[in-house]
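These notes concern the structure reproduced below.
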Amino acid sequence: MIEVLFLGLVALALTFALLAPLESLRWWSRRKDAPALEGLARPEAGDGVPAARRDARLFVVYLSGIGAVDGTTDSRREQAVLATLSRELPDAVVTADVFPYAVENRGLTQRATNWFWKRLQRLQRVPVANTASKLINLRNALRVLVSADPRYGPTFNLAVAQEIAESLSRHGYDWDVRPPVTVVGYSGGGQIALGASWFLAALDVPVSVFSIGGVLAADPALDRVQHLWHVYGSRDRIQSLGRVVFPGRWPTARISPWARALREGRITMRRIGPMRHMGSRDYFDRHNKDADGVDYRRLTVEALLDALRADPDLPDAVGR
């Protein structure tokens, strides 16, 4: 019985791996006759889009980690961080309605196989069933690899960029003024935030990326983003995979986008505490504290606030 279950899990993993790039290629095939950025064209306000938020000087788009099943995170810990940002940055608009692990913002619970993903989502909260629930992480992690792949990544990242642009429009982004946008990505969301930023920058949007324990490649978007902040915990081994598995981040890659951005001072790497990547003692944990008695969630929030308030494209310090 155990052998059959193991073989079934292996088969599912291989299926996820084979299907990972196909969704974005199918999305692109339906747009082959359109210019690459035509899908990012702004709808008019009369088409149900809210009026532009003239009072907003910064937009923050949050992309959740690889445990997510749709664009609306059900993590109370992540929601608490976003609520704190909204409260402490009154001049910013914080959005979190993009599912970064699929094109067309179609969450796993919005598919014909939603029964399967909903069951796995419930199992995420049951420790003894944690192995099965990790299939969600595996499926989404493979999309992160697609984002970083120079063959399939541009198509996938363009699709996510379109969803981010539509989210901005839904929340009153002023496309005439184009205020700064910071895309915040947790875990795998960090790389996808970076990849999508290439196309947002092509729309003349001043875009920066804030990675929370992200597994980052030397993405070409680094030649266009205003700044990349990468914060990580000292016990987070997963985020360190980026500098190992992506040759563009190796010290020998002197002409990679990563190396250029480093030389130009557009990358800030900061260890903020003893966090792990996911689960207990991660970046959103409010029960564990550092040596100074500050809980991990607050350390993450403070790092976010420091970066967002220091954004060089803001006319004044947001929230001050």
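Rule-based calculations on the coordinates, nothing more; no lab input. Treat the numbers as computed from the prediction; the structure is a model and nothing was measured.
Quick check on region 58-309: of the DSSP beta bridges with both residues there, what percent are antiparallel, nearest 5%?
5 percent
Taking amide hydrogens as modeled 1.01 Å from N in the peptide plane, which residues meet the under 5 Å criterion relative to Ile267, leaving out close sequence neighbours?
Counting only residues 5 or more places away or on other chains, the set is Leu228.
So what's the Cα pair-distance distribution over region 203-262, bin width 10 Å, in %?
23, 51, 24, 2
What ³J(HN,Hα) values, in whole Hz, does the Karplus curve 6.51 cos²θ - 1.76 cosθ + 1.60 give for region 283-294 when θ = phi - 60°, with x put for Gly and Pro?
6, 10, 7, 9, 8, 9, 10, 7, 5, 8, x, 9
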